[in-house]
């Protein structure tokens, strides 16, 4: 194996491992169990369940959290083992989480082979990184391939993320990791010389500028095939909000048809397999709460380059409860994004924006979608901050894409929006993606009012997001918050601060209880 020489990887013996082949195997032939679907959602991590008194647990020394390889015919999956100490399953069965079940296919009762997996040779490069040695290109390729192949457990992914956190990755390592992530999945190519895109590094509830930028830019003749994510820890991702307006789970062929017809699309990236390693890393990275410019840059740019983008504008909101907390941190991130983009052949422009409060009024898929429709329709009460932020980003893309001179993009974007051309293009994109939908409405609501008079001087974005999630967002698309008190608002006693929406009374109760317990959710300064 090529990487063994480059990384000085030394495979270690595994109990019961075979002496050859790609997997460990068992020492005897009595390693057959029968698969049972347990209906347990472990998200993207395959998990299996075996009785502690099973012959396989005894003969192979399997314990809780062991990594096992499970094979069914020509399909296999690496999974984390949970040991069952009471008869949840039969002695001859192996229970399957939903992720493991999807990986193997089949039906209840099918026989499967259970064995020790081969050692993860690329993890030697992770250990070296922990002790201060930088990744090589070969090391990054081996790590990413093993991640995509499902060979890394969550514990091993957490070790990798920790080793890369803070300022532990230089530009060369970031480029190597980004290229490896691009190569791990599908890469799109378009029949045009210039493909534009935009991205926000996140941290702001309600920041649905993509649904405005795409139709503005596409209406001006640029190609913008936008792939977006669903929410992981936020109340709504761009794909969640768009899905209340049109289908987003398009395959590559359908996505290509939409872009060739309308010049742009807004689809769920998970359906087109761009940089699949990124989704697996994010799943573990978000709960850890570790910041890393290197991993963030690799995450963002791997998907942009894989989508075929040549010119990208990136929004970096800065605020005390946003993802980026200071101007210095935003500057460092901007430098890294531009440097890595240039080395990958992609022109990157960054824009540092205000991240001190939510954008628009709605927080949650349908509520955010309604804000977007209000802006596209030039309605008098449409959120000004959402409109102006989207126009700023669209104008920058129009300049970067050569449709407007330097400093003139904002005016062009404003004209396209005001004329109704952006709305017409958005409607056309929705129809091309499968038909326009009406965002749903929640059946239950609660108004949180001010208990004191004063001026709003600080807002906790993270706690607002948590309220919306407790109310059911994003799985309940109509759930979330309407926010009524942006910074600078002078409120009187009894004046509404926010309205919580839910699709069930139980979820509403959870959200209301949490909201009423938060003293610093919205900070007021006394006014005369």
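The values are calculated or read from the model by the stated rules, or taken from the named source; none is laboratory data. This is a predicted model, so every value here is computed, not measured. Glycine gets a Cβ as well: all are built from the backbone with ideal geometry, and neighbour counts include every protein chain shown.
With the requirement that a residue be surrounded by fewer than 20 Cβ atoms within 10 Å (Cβ to Cβ) and touching a helix residue (DSSP H, G or I) at 6+ places or on another chain (Cβ under 6 Å), what does region 291-337 give you?
Listed by number, the list holds a single entry, 321.
Any idea which of 480, 488 is in contact with a helix residue (DSSP H, G or I) (Cβ under 6 Å, 6 or more places away or on another chain) and on the phi > 0 side of the Ramachandran plot?
480
State the number of residues belonging to region 168-194 that are part of a helix (DSSP H, G or I) and under 22 Å from residue 145 (Cβ atoms).
Result for region 168-194: 12.
Pick out the one residue from 458, 422 that is over 22 Å from the mean Cα position of the chain (by Cα) and crowded, with 20+ Cβ neighbours inside 10 Å.
After applying the criteria, what remains is 422.
So if I check each of 379, 335, which one is over 20 Å from residue 217 (Cβ atoms), assigned by TED's automatic domain parsing to the domain that holds residue 239 and in a loop (DSSP other than H, G, I, E, B)?
Sole residue among the options that is over 20 Å from residue 217 (Cβ atoms), assigned by TED's automatic domain parsing to the domain that holds residue 239 and in a loop (DSSP other than H, G, I, E, B): 379.
Restricting to region 113-149, name every residue that is part of a helix (DSSP H, G or I) and over 25 Å from residue 44 (Cα atoms).
Of everything in region 113-149, those that are part of a helix (DSSP H, G or I) and over 25 Å from residue 44 (Cα atoms) turn out to be 128, 129, 130, 137, 138.
I'd like to check something: does region 287-295 contain any residue that is touching a residue at least 40 places away in the same chain (Cβ under 8 Å) and in a loop (DSSP other than H, G, I, E, B)?
Within region 287-295 (the criterion being touching a residue at least 40 places away in the same chain (Cβ under 8 Å) and in a loop (DSSP other than H, G, I, E, B)), the answer is yes, since at least one residue qualifies.
Here are some conditions: (1) on the phi > 0 side of the Ramachandran plot; (2) in contact (Cβ under 8 Å) with a residue 60 or more places away in the chain; (3) assigned by TED's automatic domain parsing to the domain that holds residue 350. Residue 454 meets all but one. Which one does it not meet?
Just one mismatch for residue 454, condition (3).
Any idea which of 144, 175 is at pLDDT 95 or above, more than 30 Å from residue 65 (Cα to Cα) and buried (at least 20 other Cβ atoms within 10 Å of the Cβ)?
Values: 144 fails: more than 30 Å from residue 65 (Cα to Cα).
Answer to the check: 175.
Restricting attention to region 180-194, does a residue exist that is under 13 Å from the mean Cα position of the chain (by Cα) and surrounded by fewer than 24 Cβ atoms within 10 Å (Cβ to Cβ)?
no
I want to confirm something. Restricting to region 502-528 and keeping residues that are out of contact with any helix residue (DSSP H, G or I) (no Cβ under 7 Å at 6 or more places or on another chain) and assigned to a strand (DSSP E or B), which single residue is farthest from residue 445 (Cα to Cα)?
525
Listed residues 423, 487, 482; which is assigned by TED's automatic domain parsing to the domain that holds residue 230 and closer than 20 Å to residue 382 by Cα? Walk me through how you get there before you give the answer.
Numbers: 487 fails: assigned by TED's automatic domain parsing to the domain that holds residue 230; 482 fails: assigned by TED's automatic domain parsing to the domain that holds residue 230.
The conditions single out 423.
Of the conditions (1) outside any strand (DSSP E or B); (2) at pLDDT 95 or above, residue 451 satisfies every one except a single condition; which number is it?
(2)
Take the conditions out of contact with any strand residue (DSSP E or B) (no Cβ under 6 Å at 6 or more places or on another chain) and surrounded by 23 or more Cβ atoms within 10 Å (Cβ to Cβ) and apply them to residue 469. Does it pass? Talk me through it step by step, then tell me what you get.
Details: out of contact with any strand residue (DSSP E or B) (no Cβ under 6 Å at 6 or more places or on another chain): yes; surrounded by 23 or more Cβ atoms within 10 Å (Cβ to Cβ): yes.
Answer is yes for this residue.
Which residue out of 204, 211 is in a helix (DSSP H, G or I), on the phi < 0 side of the Ramachandran plot and buried (at least 23 other Cβ atoms within 10 Å of the Cβ)? Don't jump to the end; show me each part of the working.
Working: 204 fails: in a helix (DSSP H, G or I).
Testing whether each residue is in a helix (DSSP H, G or I), on the phi < 0 side of the Ramachandran plot and buried (at least 23 other Cβ atoms within 10 Å of the Cβ) leaves just 211.
Quick grid of which residues meet (1) under 17 Å from the mean Cα position of the chain (by Cα); (2) in the same structural domain as residue 470 (by TED's automatic domain parsing); (3) within 14 Å of residue 199 (Cβ to Cβ):
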position: 293; (1), (2), (3): yes, no, no
position: 302; (1), (2), (3): yes, no, yes
position: 331; (1), (2), (3): no, no, no
position: 340; (1), (2), (3): no, no, yes
position: 346; (1), (2), (3): no, no, yes
position: 351; (1), (2), (3): no, no, yes
position: 354; (1), (2), (3): no, no, no
